[in-house]
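Remarks on the structure that follows.
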Amino acid sequence: MSTLGQELRLFTLEEAQSMLPLVKSIVRGILEDYAILQPKAAELRELERDATAPEARARRKTLFQEVEELTARVNEALAELDTLGVEFKGYEQGLVDFPARRYDEIVYLCWKYDEERIGCWHSLEGGFTGRRPLDEGIE
């Protein structure tokens, strides 16, 4: 298992917690840009359906440039998280998973943007709905 061809990095709970300020800053940027991007992209799709008026063409060109810029910024931030070895899992809640070891299995330490600390883990297949409180098994 790896991200973009990189070797999977396993985090200790302490390492993951210490990275939270940086990860939170990156995720904040992603969520802010994504919140701006979505309505602009929807407006652009709508204008593309009815692009006969000259003012619609001008607005479409402006929106296209804005959407491209925002998309590039989101993708750069996602790549930065990937380089750190964490996995971004959701725009709605700002979910981030840190691969870790729990006893003899690989799991995810699970954090979401509004949480102060990492307090949960889940199996690789479990996802957010399979979150469980941290216990002594996390190395």
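The values are calculated or read from the model by the stated rules, or taken from the named source; none is laboratory data. Keep in mind the model is a prediction, meaning the values are calculated, not measured. Cβ atoms come from the backbone with ideal geometry, glycine included; neighbour counts cover every protein chain shown. To get the accessible areas, we keep the full protein, side chains included, count just its heavy atoms, and leave off ligands, DNA and RNA. Shrake-Rupley method; radii C 1.70, N 1.55, O 1.52, S 1.80 Å.
At-a-glance table
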read-out: Residue ID - surrounded by the fewest Cβ atoms within 10 Å (Cβ to Cβ), chosen from residues in region 84-102 that are of a type outside the set (A, V, I, L, M) and without any contact (Cβ under 8 Å) to a residue 60 or more places away in the chain; value: E92
read-out: Residues satisfying the stated conditions in region 18-62, i.e. among the charged types (D, E, K, R) and within 13 Å of V74 (Cα to Cα); value: R28, E32, D33
read-out: Residue in region 69-84 that is among the small types (G, A, S), farther than 20 Å from P21 by Cβ and part of a strand (DSSP E or B) present; value: no
read-out: Exclusive hit being surrounded by 15 or more Cβ atoms within 10 Å (Cβ to Cβ) and farther than 25 Å from R117 by Cα, set A42, A56; value: A56
read-out: Qualifying residue in region 19-27 (condition: open to solvent by 80 Å² or more (accessible area, probe 1.4 Å) and either touching a His at 6+ places or on another chain (Cβ under 9 Å) or under 16 Å from E115 (Cα atoms) (or both)); value: yes
read-out: Filter result for T62 (at pLDDT below 95, open to solvent by 100 Å² or more (accessible area, probe 1.4 Å) and among the polar types (S, T, N, Q)); value: no
read-out: So R117, is it under 18 Å from the mean Cα position of the chain (by Cα) and among the basic types (K, R); value: yes
read-out: Hits in region 103-139 (condition: in contact (Cβ under 8 Å) with a residue 60 or more places away in the chain, under 28 Å from Y34 (Cα atoms) and assigned to a strand (DSSP E or B)); value: L109, W111
read-out: Residues (touching a strand residue (DSSP E or B) at 6+ places or on another chain (Cβ under 8 Å) and more than 17 Å from F11 (Cα to Cα)) located in region 66-88; value: L78
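Here's the yes/no breakdown for (1) under 28 Å from G127 (Cβ atoms); (2) in contact (Cβ under 8 Å) with a residue 60 or more places away in the chain; (3) out of contact with any Leu (no Cβ under 7 Å at 6 or more places or on another chain):
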residue	(1), (2), (3)
A16	yes, yes, no
L22	yes, yes, yes
I36	yes, no, no
A53	no, no, yes
V67	no, no, no
E76	yes, no, yes
